[in-house]
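**Student:** Let me give you the structure first, and then I'll get to my questions.
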Amino acid sequence: MTIDLLGIGAALIAFALIVVWWIRRRHRRADADTWLPPELQTAKLAYAERLFRTDGPIRISARVDRVYHDRAGRLTLVELKTRGRDAVYASDVIELSAQRAAVIATTGETVSAHAYVLVRGTGGQGGRTHRVDLLTEAQVTALAERRQALLSGELQASRTCIQGLCDRCAFLRPCRSRG
């Protein structure tokens, strides 16, 4: 009976690597949720990176970053953003509001009228969570109808007072040619 020391050594190394991987994975998972606000500390992750859609005359498709299910039976949306500035924009509120409408339409569950935006620095450092109040479903529908009217040409877009937005707009040339 010979003992295959090389095989035993390889098995021990493989086992050690698996243990190290498992420990690191648990620490990463624990670190990932340390930024959650107190309201969601005990909530369970219900959906991550999932697409939801509404039906009807105005159709909205929205991919959520994360949705948490709290003990009260309510869903709360969380959006993760990486940007050079710790700021929440109106577009974030509109995006989350559209997600809310799509989640309600798909699941029929109660979704909180507020959500959270986690803003992390471009280097992945830090992170701050901002609570935002969402638009109502009627306001989301009105925005979607306005968008459709703009795209179909029924309605003319008005200039923004924020020059940086104007400079990056896909309709800059037609807008300037109108005077």
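The values are calculated or read from the model by the stated rules, or taken from the named source; none is laboratory data. The structure presented is a predicted model; accordingly, all values stated were derived computationally and were not measured. Ideal geometry is used to build each Cβ from the backbone, glycine not excepted, and the neighbour counts take in all protein chains shown.
**Student:** Name the single residue that is surrounded by the most Cβ atoms within 10 Å (Cβ to Cβ) among those in region 127-179 being part of a helix (DSSP H, G or I) and of a type in the set (D, E, K, R).
**Tutor:** So the residue we want is Glu137.
**Student:** Is there any pair linking a residue in region 51-72 that is under 15 Å from Leu143 (Cβ atoms) to one that is modelled with pLDDT of 90 or more and assigned to a strand (DSSP E or B), with Cβ under 6 Å and at least six apart or on different chains, and which?
**Tutor:** Ser61/Arg53; Ala62/Phe52
**Student:** If the Cβ limit is 8 Å and pairs must be 6+ apart or interchain, which residue in region 144-162 that is closer than 26 Å to Ala102 by Cα and modelled with pLDDT of 85 or more pairs with which residue that is surrounded by 11 or more Cβ atoms within 10 Å (Cβ to Cβ) and of a type in the set (Val, Ile, Thr)?
**Tutor:** Ala144/Ile58; Ala144/Ile60; Glu145/Ile58; Gln148/Ile58
**Student:** From (1) of a type outside the set (Phe, Trp, Tyr); (2) farther than 17 Å from Ala43 by Cα; (3) surrounded by 11 or more Cβ atoms within 10 Å (Cβ to Cβ); (4) out of contact with any helix residue (DSSP H, G or I) (no Cβ under 7 Å at 6 or more places or on another chain), pick out the condition that doesn't hold for Leu118.
**Tutor:** Condition not satisfied by Leu118: (2).
**Student:** Just to verify a result, which residue in region 88-100, among those that are hydroxyl-bearing (Ser, Thr, Tyr) and part of a helix (DSSP H, G or I), is surrounded by the most Cβ atoms within 10 Å (Cβ to Cβ)?
**Tutor:** My answer is Ser97.
**Student:** Here is a further query. Search region 112-151 for residues being among the basic types (Lys, Arg) and within 20 Å of the chain's Cα centre (by Cα), and hand back the single one that is farthest from Thr76 (Cα to Cα).
**Tutor:** Only one residue fits best here, namely Arg120.
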